[in-house]
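What follows is a short report on a single structure.
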Amino acid sequence: MAFATSRAEASKGGFRLSMLIYDTRFRAITLQVVALILFLLFIGWLTDNVIRNLDAKGKDINFGFLWVRAGYDIEQTLIPYTNDDNHGRAVIIGLLNTLVVAFFGCILATVVGVIVGVLRLSNNWLISRLMTIYVEIFRNVPLLLWILLVFVVISETMPAPADFKITPAILESRAALAGLEAQAGGNGLWMRIATLKLGSLPFILWLLAFIGITVAAWQFASARFQGAKAALIAAIPALIWVIMALTVFSPSLSGGPAADAQLAEIGATEPAASKFFFDSIAVTNRGTNIPAPLLDRPLGGTEFAGVPVNFSVLAVIAVLIVSLLANRAVVKRAKSIQESTGNRPTTWYISLVILFLPLILLLLALGLHWEVPGFPVNDQGVSTGFNLRGGIQVMHSFTALLIALALYTSAFIAEIVRAGIQAIPRGQSEAAAALGLRPGRTMRLVVLPQALRVIIPPLISQYLNLTKNTSLGIAVSYLDLRGTLGGITLNQTGRELEAMLLMMLIYLTISLIISMGMNAFNAAVKLKER
Amino acid sequence: MSGTKTGASGPNNTALWLREEMLSPLPPPSREAGVTKWLRQNLLSSPVNTLLTFAGVVIALWMVWTAFPWWWHSVWNANSLAECRAIVAAAGGESGACWAVIKARWHQFIFGFYPPAEYWRPVLTGGLLFAALAPILYWNDRKGAHMVALSGIATLLSLFAISAGGAALTASLVIFAVIWALAIWRPKALIWVTGLFPFVAVWLIWGGSFWTPVSQLLAVAVGALIAWIYLKNTNRLLNDAFALVIALAAAWVAAVVIGYSDAISTDFFGKMRDVTFWQGYLSGSDNILARLFGMLASLVAMVVIAGIWLLLAVMYLASNLLNLNIADLGALFGKADMPAWSSLLSLGAALAFALVFVAARNRATLVGILAGILGGAAALGYLGPILVSALHAALPLTIVTVGSNMIGGFLLALIIGVTAIAASLPLGIMLALGRRSDMWLMKVLSVGFIEFIRGVPLITLLFTASLLLQYFLPPQTNFDLILRVIILAALFSAAYLAEVIRGGLAALPRGQYEAGDSLGLTYWQAQRLIIMPQALKISIPGIVSTFIGLFKDTTLVSFVGLLDPLRGVTNTVRADINWKGIYWEPYIFVGAIFFIICFGMSRYSMYLERKLKTDHR
Amino acid sequence: MKKSAIIGALAASTLLVGAAHAATLDDVKARGELNCGVNVGLTGFGMADANGTWVGFDVDLCRAVAAAVLGDPTKVKFVPTTGETRFTALASGEVDLLVRNSTATFTRDVDLKFDFVGINYYDGQGFMVKKELGVSSAKELDGATVCIQTGTTTELNLADFFKANNLSYTPVTVQDDSEAQRQYLAGACDAYTTDASGLAAGRATMADAENHIILPEIISKEPLGPAVRHGDNVWGDIVRWTYNALLIAEEKGVTKANIEEVAGSSTDPEVRRLLGLEGEMGAMFGLDNDFAKRAIAANGNYGEIFEANLGTGTPIGLARGLNALWTQGGLQYAWPMR
């Protein structure tokens, strides 16, 4: 068989056709040309098929549907939207919903994942086992199941909005209570202690926590102080915990006043459910209602390309940026003083003032106050309507998707963090210990910064996965890009080719942007070898 | 122990008193021994640890305590949810699990709507899958026989559990006995079982005539025979004859392809002139964005088409310049009405003929493989149906045909997962090699494909399978949704596998490549004999975790209307009036099965990882 | 073309099933099986029971068509379709016939290019609320949270209704009926809106049906019917006349039980034409003349199918209402078979 690979032979015989295949100088080119031809033919074949199929169906490729009135409503929107807006805007609403859940999901997943990953390596037998169970359970069950389960748990366990309402019955009860002067027993301290439900789960849990806090405080105090002083210091957290039992936790720990026939007859004087956090946050089975910031003297706003621009928000951002820059200058100056004199001036209070005072002043000038969610009340004092008004309502579809995505991804991130930490040689932490660093600081200052280099590349792909997985939101009624463009819009317009191609393009762009950004970050923290 | 005398009886002893026996050591203080020590070391070593421990206990206790009553009041025998609730209420419980729904519908969660009388078929297929995996996992090893025996026993037990018929039991027993005997006496021959498995599996699951897999196997045998004869033949004359036939076939294919691409481009240019088609892009509205978008889309399309057109034009020009009007070959291919193109056809065909003839005369392996594939496909396409009907007429060996719409539950998840992973392995290897290739174009194409697939969610690919494939395939091609989903799932996992295998390739020291070169091995020989065996071995854990991911992701097929166990079957069950309103139990059941399978696989891959690590060091 | 040879070789692989657009009837006959697109699971209309057998009002129409065309009501392959995939499945030829409570609308008829060959169920969109809310009209739902099933025309109707009445609401867009009902029962929404038949079916199967009411407003027209592709008129005619035959059978009192007896004794010329004893009706579109007889014998006439799946004798307990025959005040009015 003739192999014309050697240079001498090739130059002797001039060009022959077989050299296209057997001469290494030409073979790569031949193969690439053949591959290019085949690839272009393949693309051409697909294009041709699309055109012929469209022809056969009498359709065309037309993105005009994006400018047609959408006609449907979306439960949760970041920028204004009504059913009179066009499909294009609905697509943007969906895209923003995708981005916001992906953004918060990545943050939450990272926080939980790092904590779990570090705790999994803890020398605490119980905690490391519990974290292993956590990781294995979340890793080995489909994400879709977690999303559905979290949603079902939230929506089945939280009170309905109606439970926050003040009904005529409640008002009657209150009137009856006001008429009833002698309140038996009262609700005093002794009452609460006497009615502690000793066998109940909350009490047992409280007691366990009490033991834990006391032991930990004793360990802490006895390592640092002697004798009575140690005992005194150790007693402080325990005392606080007892006080909390009698105040904050009292409703679940104590039985309350003994049953009184007269009182029992009156019935409930308060709504079945109450708001958290100084009566400002309401968690219903539909969503979480949080207070919304309101300004008495807003700076107004305008609209740019359909997106509202709020000058007040811009002002806050501008002040924040200026403060940060000023703070940086202060720190820089402190550093230069330290380098020239060896003494670092105390700057923390200056930083505090620079960072927060202008912002607080600005917000005061704008007249910031909070709009607390609540039911509108009619002139008799009875709540009306179906839902809490005012404030911001974060629907549970968002919350459930966020929690499920974060927990699921955190299990993977935990493994990545664990692997990253284990990749750092033991000598590093031993060296840190030899320098006298405490375990916490060793982790923070020595191990994690080095582990970061191992952690970041797989972390990027987890962020990408999380972002792509937001497309499962429709299972819990979250209208993201897949729910609007790939769901209702596709359904109503019947433009599956255009809608799906556009959707793929958008997801691809998001993915590429994320991986580009994270790769740049990776390059920044990478070990600079010279 | 401590019984040795420490020099007390030595001759130079001057001490007044010396202890002759060592004291037995005191027991450690109580806090340094036993449970206390363990507790102090493992649970209470520092304030933070103490707090963590108690927090863990509190949380664990709270979770168990809250869920306990629900589990305690489990109901196993009931005909409807209402009945369940009545039983729980009668037992004095507030809420209780209604596992009766699982008892009533477990078969749908596992098999979908597969006919109950035929359950033995998927079960047997599952058992055979493990037998087929045995030679891959334990090549030429006694453990392979153990694995076959274990899977055989498991299969028979499962068949008992689903109360399969005697015939199915006997057949399974015989099949596994034969495979086991093979594994004992001829462990290497077990690989033939692996080769046969795909054909048998498809036949067992979808049913139909026994002669269908036989004819497919025959076609494969024909293809292999052609390739083998071609590659092993030493007769010069026969070789030339072979090369001639193959080159003629190549010329024919080239002519067809060129003719076809010509048809595409004329079609397309016709369309481009047709204003109404382009109006589509532009007529959306007065909005400037719409116009920009339309223009962008048309630009991309034009670049691609221009590429094809340019190639054709160059070839056309060359053929005219060279005046190579050899024969009106074009007429042979139904292109007689386009004489200008016929010369192009001739040129392309002649070029393909020459290149392939040279390669074929030199017995290039690739040509042999292609010849084998083409020959096999031709045998399957032209002779297969005739053979099947003839054999069927002579001896009708048929099992009930089961349509794809009957397949659901975990059976569906496993079919999609296993098939897609198996199919994606070769593609993944090719993509990984392409990504590391020196050839620019190969690299760009591989990277482009991988990044595209990894950049979009799986659900959009599933929608492509269900909504868009009808646009990208020739009109009136329409095939099974499950097959379409498998193809897209295979492409999806191929991109991920490519990255896994690329990692394996990157982990190999350069010396391995250089050693291959210094031995004078060609690229493919080096890949086959040196690189791939090592790279794949390193990649096994990654491949398994890709499979776990894909297996979990099969739950998404419910979005395109397939009966996955999580939403598909659960919704079907809930549509039944008796079970309306049941949520937790199906989810927990399905989740538990997923957990068992995925956890088992991840543990197995960790075991493999450890095993592979030791023989590396 | 020669490329057909390559594609032919490809197509020989066992799983490939060819489906042409032009002559659906020939395809169905050649295949020996009718591919019918149905709902993935909607109580009473289309769902699979514990044995994997499909049952329901829509499913029975598929069976009747299979009986008419193939002579065997069991020769149907039911393809479960979601709201998103149903029309693509029909357009691409994956199913021959779509009976998935789909509303006939202008765009679906004209733009998506389907023919709704009959209306087997006249429906309208309504609201269900819990009694304790004290709401008696949909116009009192200002500010309410409403669960809607996506992939339907209901989102649009709902938006239009609230807009027309100048009310506000929060939509909760849910993917399937069972999930929507779960959310409604859990209190995640105040009202559940879908077709009135679906509401009635849902309410009837709730554990505390008496605590839920269906509001009087019907906010839309929902003519639900079997759909086929544009351009294959013979196939459309077959489905249309199979359905009409079921209606005529009810008009004339021909039931599954008495069909043989009627065929033997009836002198009514329309009944005789229906049962293929007179005229050459079936032959006109390529079937035999007793196609209608087989369709009726499969699951009975329209009334029987209704009663068996949705009627007052079932847990769903729907009254005939608009779907009664025109002679009884309903809208079901069959074209004369002559």
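The values are calculated or read from the model by the stated rules, or taken from the named source; none is laboratory data. These figures come from a predicted structure and were not determined experimentally. We place every Cβ from the backbone using ideal geometry, glycine too, and count neighbours over all the protein chains shown. For accessibility, only protein heavy atoms count, side chains too; no ligands or nucleic acids. Shrake-Rupley method; radii C 1.70, N 1.55, O 1.52, S 1.80 Å.
Values computed for the structure shown
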read-out	value
Cα-based shape type of the protein assembly as shown, given that a ≥ b ≥ c are square roots of the gyration tensor eigenvalues and the cut on a/c is 1.5	oblate
Chain-alone versus full-assembly comparison, segment A:206-230, residues with accessible loss of at least 10 Å² (1.4 Å probe)	A:LEU208, A:ALA209, A:ILE211, A:GLY212, A:ILE213, A:VAL215, A:ALA216, A:GLN219, A:PHE220
5 angstrom amide H check on C:THR145, placed H, neighbours 5+ away	C:THR170, C:ASP190, C:ALA191
Cysteines without a disulfide-compatible neighbour (Cβ-Cβ under 4.7 Å), the protein assembly as shown	A:CYS106, B:CYS598
Heavy-atom accessible area ranking, 1.4 Å probe, most first, across A:ARG426, B:ARG19	A:ARG426, B:ARG19
Length-normalised contact order of segment B:115-207 in % [C-alpha pairs under 8 Å, at least 6 apart]	40 percent
Per-residue average of Cβ from other chains inside 10 Å of A:141-153	6
Alpha-carbon Debye profile of segment B:115-207, log10 I(q)/I(0) at 0.18 Å⁻¹	-0.72
Listed peptides A:308-314, B:392-398, A:248-254 by packing density, highest first (mean Cβ within 10 Å)	A:248-254, A:308-314, B:392-398
Relative contact order of chain C, pairs being alpha-carbon contacts under 8 Å that are 6 or more residues apart, as %	21 percent
Segments C:209-219, B:219-229 sorted - mean Cβ within 10 Å per residue, highest first	B:219-229, C:209-219
Chain A - convex hull of the alpha-carbon atoms, volume per residue in Å³	323 Å³
Residue-averaged beta-carbon neighbours from other chains (10 angstrom radius) around A:119-129	5
Accessible area expressed per residue, segment A:96-169, with surrounding protein chains retained (probe 1.4 Å, Å²)	38 Å²
Amide H partners (placed H, <5 Å) of C:PHE127, local residues excluded	C:LEU215
Table column - 3J(HN,Hα) (Hz), segment C:64-70, Karplus curve with 6.51, -1.76, 1.60, x for Gly and Pro	5, 5, 4, 5, 5, 7, 9
Between A and C, accessible area buried - total, square angstrom, nearest 100, 1.4 angstrom probe	3000 Å²
For chain A: relative contact order, % (alpha-carbon pairs under 8 angstrom, 6 or more apart)	22 percent
Mean Cβ neighbour count within 10 Å, used as a protection proxy, ranking B:462-474, C:160-172 highest first	B:462-474, C:160-172
Charge context of B:ALA183, other residues only, Cβ under 14 angstrom, K/R +1, D/E -1	+3
Debye intensity ratio I(q)/I(0), log10, segment C:125-220, q values 0.16, 0.19 Å⁻¹ (C-alpha model)	-0.56, -0.81
For segment B:190-200, Karplus couplings with θ = phi - 60° (6.51, -1.76, 1.60), whole Hz, Gly/Pro x	4, 5, 5, 4, 4, x, 6, 3, x, 5, 5
Convex hull volume per residue in cubic angstrom - Cα atoms of segment A:301-370	92 Å³
Residue-averaged beta-carbon neighbours from other chains (10 angstrom radius) around A:470-478	6
Alpha carbon centroid spacing (whole Å) that separates segment B:544-617 from segment B:190-235	32 Å
Table column - 3J(HN,Hα) (Hz), segment C:35-43, Karplus curve with 6.51, -1.76, 1.60, x for Gly and Pro	8, 10, x, 10, 6, 5, x, 9, 3
B versus A: buried accessible surface, summed, Å² (probe 1.4 Å, to nearest 100)	8400 Å²
Sequence of B:ILE59, A:ILE488 from largest to smallest accessible area, 1.4 Å probe	B:ILE59, A:ILE488
Accessible carbon and sulfur surface of chain C relative to its total accessible area, %, 1.4 Å	54 percent
Under-5 Å amide H pairs with A:ILE281, H placed in peptide plane, nonlocal only	A:PHE276
Accessible-area ranking of B:PHE68, C:PHE87, B:PHE595, largest first, probe 1.4 Å	B:PHE68, B:PHE595, C:PHE87
Share antiparallel - DSSP beta bridges, the protein assembly as shown, percent rounded to 5	70 percent
